[in-house]
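Every read-out reported here was derived from the displayed coordinates using simple, explicitly stated rules and does not represent laboratory data. Keep in mind that what you see is a predicted model, and the values were worked out from it rather than measured. Cβ coordinates were reconstructed from backbone atoms using ideal geometry, including for glycine residues, and neighbour counts include every protein chain displayed.
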Amino acid sequence: MDNKRIVLMCRDEFVEPFKQNGFEVFWTYPLVYPLFYEGNDRMQLKEKEFEERLDSYKNKILQFKPFYFLADQVFFHFLFNRLVYIKKDKISKLWIDFVDELNRMGIITIIICQDDPGAILVRRDVAPLTHRFQIVAAHSMQMGARYSKHGQKLIYSPTYIDAGFTDDYSGVSFEKKLDASIAKFDVFFVGVMTWKRKAFFGLLSRKIKDLDYFFGSKDFFYTSRSKIDFDLNNKYHVREIYAKSSINIVYGASDVAFIKGWGISNRIYNIAYCGGFFLCDYRKHMDNSFNIDPSLFSFKTVGQCHNKIRFYLENIRKREELADKFHKHVIEHCTVDKVVKKLIDNIEGITQKKH
């Protein structure tokens, strides 16, 4: 079996970097989604139909004769959320059998996941499945003991800049760009507004009533403006706002309480790539993520966040110096090609020892 053949069941950002590192790639997202999903609707299949489609998918993989099979755990999260007529434990068992067969065939199975408390990895219907993979490439190492218990090897795979934020900007039409005055906020956050975020940003918005701010999504937001003239689904708009806002707030990478989380949201890397400045609720991996003292850009309470907002609005030079350091770091370490190269080196190191 050629050790440079890999099946990717993850987002397409990984395809080219693997090819650039000499792999023959079978990217299966275009295949697997039509097998299990019908448009954007929740899946209507009965258990027998699902099993037949999964068998068909497995046969196509085995025909490719890969050395590795790499999956993104987010795929399973979306899959389980869409089930209608089938019990989740039955689908989990079918996927467990699928992974077990790949393992029996000598295929190294790898899953990329984020593993903070409260994150999707620890769902009762997903965890038994993720434990069947031979290697886990995790966004954080908090659950290392859990993986080791199941005989797995844990690889720290940092999150990375989203491809949509690295796309060429030169050919974008004027209509897709934003007027500089529209994009310029004092303080900005965009993301899903779960109840903990609503509570946090509600408190924060009351403390900064005198500033120009936006916290929220297209469905729920707090803002100082009477009119919103930008499209939150347009990455070019978000990209310009990240760059032009004085301070971008990042809160709740896994939407858990202060300082209990580990993993760092790729929102941080996207903001830094765009040249923006951010303040983030403290995450344990920040201690060695940017080679910068985390106390300079993190907070542990709403009060700390508010105080730092005031400080950096008054100290523009300090803000710009940090933003420049963030930008240089992500360009050097956090582009998809660099992250995939590190992932490949770690995986090959482990598999060479096995064989």
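Only loop residues by DSSP count here, and only those with at most 13 other Cβ atoms within 10 Å; note down the chymotrypsin sites (Phe, Trp or Tyr not before Pro) in the stretch 212-253 that meet that.
Passing sites in the stretch 212-253 are 220.
If you place +1 on the Cβ of every Lys and Arg and -1 on the Cβ of every Asp and Glu, how big does the dipole about the Cα centre of the stretch 187-251 come out, in debye to the nearest 20?
Numbers: 12 positive and 6 negative charges, 46 e Å.
For the stretch 187-251, the charge dipole is close to 220 debye.
Assuming R0 = 22 Å, can you tell me the calculated FRET efficiency for the pair residue 89 and residue 33, based on Cβ-Cβ distance, to the nearest 0.05?
Details: r = 23 Å, r/R0 = 1.02.
Efficiency at R0 = 22 Å is approximately 0.45.
Restricting to Cα pairs below 8 Å that are 6+ residues apart, what does the relative contact order work out to for the chain? Please round to a whole percent.
This gives 15 percent for the chain.
Let me check I've understood the local charge: for residue 220, count other residues with C-beta under 11 angstrom from its C-beta, Lys and Arg +1, Asp and Glu -1. What total comes out?
Net charge around residue 220: +2.
Note down the magnitude of the dipole of the chain about its Cα centre, charges +1 on Lys and Arg C-beta and -1 on Asp and Glu C-beta and zero elsewhere, to the nearest 20 debye.
Around 980 debye, computed over the chain.
How long are the three semi-axes of the equivalent ellipsoid of the stretch 163-333, in whole Å, if each is the root of 5 times an eigenvalue of the C-alpha gyration tensor, listed from largest down?
22, 20, 16
Would you tally the net charge around residue 160, using a Cβ to Cβ cut-off of less than 12 Å, leaving residue 160 out, and scoring K and R as +1, D and E as -1?
Summing Lys/Arg as +1 and Asp/Glu as -1 gives +2.
Of the beta bridges DSSP finds with both residues in the chain, what % are antiparallel, to the nearest 5? Walk me through the intermediate numbers first.
Working: 4 of 37 bridges.
Counting only bridges with both partners in the chain, antiparallel ones make up about 10 percent.
If the elastic network links every pair of Cα atoms under 10 Å, which of 32, 126, 238 fluctuates the most in the Gaussian network model of the chain?
32
For the stretch 142-248, just say rounded, prolate or oblate: build the C-alpha gyration tensor, square-root its eigenvalues into a ≥ b ≥ c, call rounded for a/c under 1.5, and beyond that prolate if a/b exceeds b/c, oblate if not. Don't skip to the end; give the middle numbers.
On the way: a/c = 2.96, a/b = 1.46, b/c = 2.03.
The shape class here is oblate.
Apply the Karplus curve 6.51 cos²θ - 1.76 cosθ + 1.60, θ = phi - 60°, to the phi angles in the stretch 198-207 and return the couplings in whole Hz, x for Gly and Pro.
4, 5, 5, 6, x, 5, 5, 5, 6, 7
Specify the angular offset, from 0 to 90 degrees and rounded to the nearest 10, of the alpha carbon long axis of helix 88-104 from the longest principal axis of the alpha carbons in the chain.
The helix 88-104 is inclined about 60 degrees to the chain.
Give the long-range amide H neighbours of residue 247: residues separated by 5 or more places, or on another chain, with amide H under 5 Å away, using H modelled in the peptide plane at 1.01 Å from N.
For residue 247, whose amide H was placed from the backbone, the distant partners under 5 Å are 187, 188.
Below 14 angstrom from the Cβ of residue 47, what's the summed charge of the other residues (Lys, Arg +1; Asp, Glu -1)?
The answer is +1.
Relative to the longest principal axis of the chain, what angle (0 to 90°, nearest 10) does the C-alpha long axis of helix 73-82 take?
On a 0 to 90 degree scale, this one is about 90.
Say a site is exposed when it is one of the trypsin sites (Lys or Arg not before Pro), sits in a DSSP loop, and has at most 13 other Cβ atoms within 10 Å; what is then the longest site-free stretch of the chain? Intermediate results must be reported in sequence, preceding the final value.
Working: sites that count: 42, 46, 87, 124, 209, 218, 225, 227, 300.
The longest uninterrupted stretch comes out as 125-208.
Using Cα atoms only, what is the angle between the long axis of helix 302-314 and the major principal axis of the chain, expressed in degrees (0 to 90) to the nearest 10?
60 degrees
Quote to one decimal, in nm, the extra length available between residue 20 and residue 227 on full extension: 0.36 nm per residue of separation minus the C-alpha distance between them.
Gain on extension, residue 20 to residue 227, equals 69.9 nm.
Per-residue ellipticity at 222 nm for the chain, helices alone: DSSP H runs ≥ 4 residues times -39500 (n - 2.57), over residue total, nearest 500 deg cm²/dmol?
Roughly -13500 deg cm²/dmol at 222 nm, from the helical runs in the chain.
Using the Kirkwood radius over C-alpha pairs as Rh, can you work out the diffusion coefficient of the chain via Stokes-Einstein at 10 °C, viscosity 1.306 mPa s, in µm² per second?
For the chosen part, D equals 72 µm²/s.
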